[in-house]
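Accompanying notes for the structure given below.
Read-outs throughout are calculated quantities, based only on the coordinates presented, and are distinct from any laboratory measurement. Because the structure is a prediction, the values reported are computed rather than measured. Positions of Cβ are generated from backbone atoms using ideal geometry, with glycine treated the same way; all protein chains shown enter the neighbour counts.
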Amino acid sequence: MNNYSLTDTIIALASGKTHSALAVIRLSGKQAVSLVEQHLGGSPVLSAAPARKATLANFFTRTGEWLDQVILTKYPAPASYTGEDVVELSCHGSLFIVDQILQALLSTGSGRLAEPGEFTLRAFLNGKMDLIQAEAVADMIQSNTPKNLGQALAHLGGDLSRYVQTLRQQLIDAQSLLILELDFDEEEQFLHRSELVQLLQNIDAQITALISSFEYGRLVREGLLVAIVGKTNVGKSSLLNRLLKRDRALVSEYPGTTRDTLEEMISINGYLFRIIDTAGLRCSNDPVEQMGMERTRRSMADADLLVYMVDGSQAEEEEDQQLLRDCQALAKPLMRIINKKDKPAFSISSFSPLPGQNIALSCKTGEGFEQLEKALIDQMRGHAVPGQEVIIDKIRHQQSLLAGRKALRQAMLSLQQKYSAEFLLPDLTAAQDALGEITGHVTTQEVLQDIFSRFCIGK
């Protein structure tokens, strides 16, 4: 962690630095109440106030000048978010007032500005939540669709924590019985090996199911990255605008209008999609256009789904066929959009066969977009694991589960070779430690620093 003490009283603006009707400043630590009370005109307003009840008070600068009328709420330890004494100060949202209050609170030297995520870090260290729930707090703050909010709420509510901890506890119980065997005659078995094999196979299956849920969980949290690719003037920017229901990308009849990638987010049926409008691919000597096309190819490589777009009012050309081959070579989910259905010359018969999704539509009239949105939703849902309600959504979870399963399978191999308890224990310990890394029962300062440094200040 950084070079600061977790026993310090910390102070932060929790509501974001922007003009607003109200702002909230949060304090946590042993000096939280006294720090605020020094600026209330000498009256023990906050000390005498009941816990978790809003109290009106006047806030004064260090020199005794009246600054604002504020609402104070105190949360005594341990019944607070951080497990420490917490005070929340609600003031008027003027940035000048906010800065003056922060300066006044910091002027005594008894408190310091909080680091990013430090309030939630203290909540974790004080046992108010585990590491999965702490990560879910950040996910809730960043959520922007009903689906990724729901996923964050499920993790905050403890669904994944209970699932992982149940598996870990089963391993701990098995280890305890094996350790007992070491203290008795070698022939004595407190845990029959057939039962242990069945237990480890069951845990392995549940870990595997969790691992398989990662891709769907990641896509719900981050959004499905969709790259719209095609030749110039096939309607890629018009497709983006129609999906967004607003004119975001510049559209013209001149080839090469789009020279850079443009990413926007949309929500369809509660799912998040990150749509990338790319520069059209064609032969060009323009160095700026060439840079745009290079970015197009990078977007194609990064995408979760390629939307290959063609102009249905014109016959297929070699450029179309080559681009289709380029898309197929990436071995990614691929959908073909045949645009300009509103034109009399529209036809799909001249295009090369493409198994899977082929959607005819008109960016001009909107015909076919209902089918397109359904196809996008189906692409997202296609990553879900049937019957798996508890899911993971972070690489950290996935890597720990993979390590745990590897250790578990090594223990099962030792069982097959009829090794004694002392040879089984190291692998079982490694497996339960790997599960403990997910919840934070086993962790390192480096992991905590990586997780909490991504939080906003004040949370």
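If you add up the charges near Thr208, with Lys and Arg at +1 and Asp and Glu at -1, over every other residue whose beta carbon is less than 11 angstrom from its beta carbon, what do you get? The answer is +1.
Using a Förster radius of 56 Å, what is the FRET efficiency between Trp66 and Arg162 based on their Cβ-Cβ separation? Nearest 0.05, please. Computed FRET efficiency for Trp66 and Arg162 comes out at 0.65.
State whether the range 79-166 is rounded, prolate or oblate according to the following rule on the C-alpha gyration tensor (a ≥ b ≥ c being the square roots of its eigenvalues): a/c under 1.5 gives rounded; otherwise a/b larger than b/c gives prolate, and the remaining case gives oblate. Oblate, because a/c is 1.5 or more while a/b does not exceed b/c. If you take the beta carbon distance between Lys332 and Thr18 as r and set R0 to 51 Å, what does 1/(1 + (r/R0)^6) give as a FRET efficiency, to the nearest 0.05? Given R0 = 51 Å and the Cβ-Cβ separation, E is 0.85. Counting only lysines at least 8 places from Lys245 when in the same chain, those with an alpha carbon closer than 16 Å to its own are Lys236, Lys364. Normalised by the number of residues in the range 9-129, the average gap of Cα pairs under 8 Å and 6 or more apart makes the relative contact order 30 percent. Charged neighbours of Leu225, selected by a Cβ distance under 13 Å, balance to -2 (K, R count +1; D, E count -1). Which whole-number percent of Cα pairs in the range 9-129 have a distance greater than 23 Å? Percent of Cα pairs beyond 23 Å in the range 9-129: 23.
Compactness of the range 313-430, taken as the C-alpha radius of gyration over 2.2 N^0.38 Å, stands at 1.84. Check cross-link reach from Lys406 to the lysines: straight Cα distance under 26 Å, and skip same-chain residues fewer than eight apart. Those lysines meeting the cut-off are Lys394, Lys418. By the helix-only formula, in which each DSSP H run with n ≥ 4 contributes -39500 (n - 2.57) and the sum is divided by residues, the chain has a 222 nm mean residue ellipticity of -14000 deg cm²/dmol. What number, in percent, do you get for the relative contact order of the chain if the mean sequence gap of Cα pairs under 8 Å and at least 6 apart is divided by its residue count? Contact order relative to length: 17 percent. Sorted from greatest to least, the principal axis extents spanned by the alpha carbons of the range 147-246 come out as 80, 31, 16 Å.
Please enumerate, by chain and number, the lysines with C-alpha under 29 Å from the C-alpha of Lys74, excluding those fewer than 8 residues away in the same chain. Partners within reach: Lys17, Lys30, Lys53, Lys128, Lys459.
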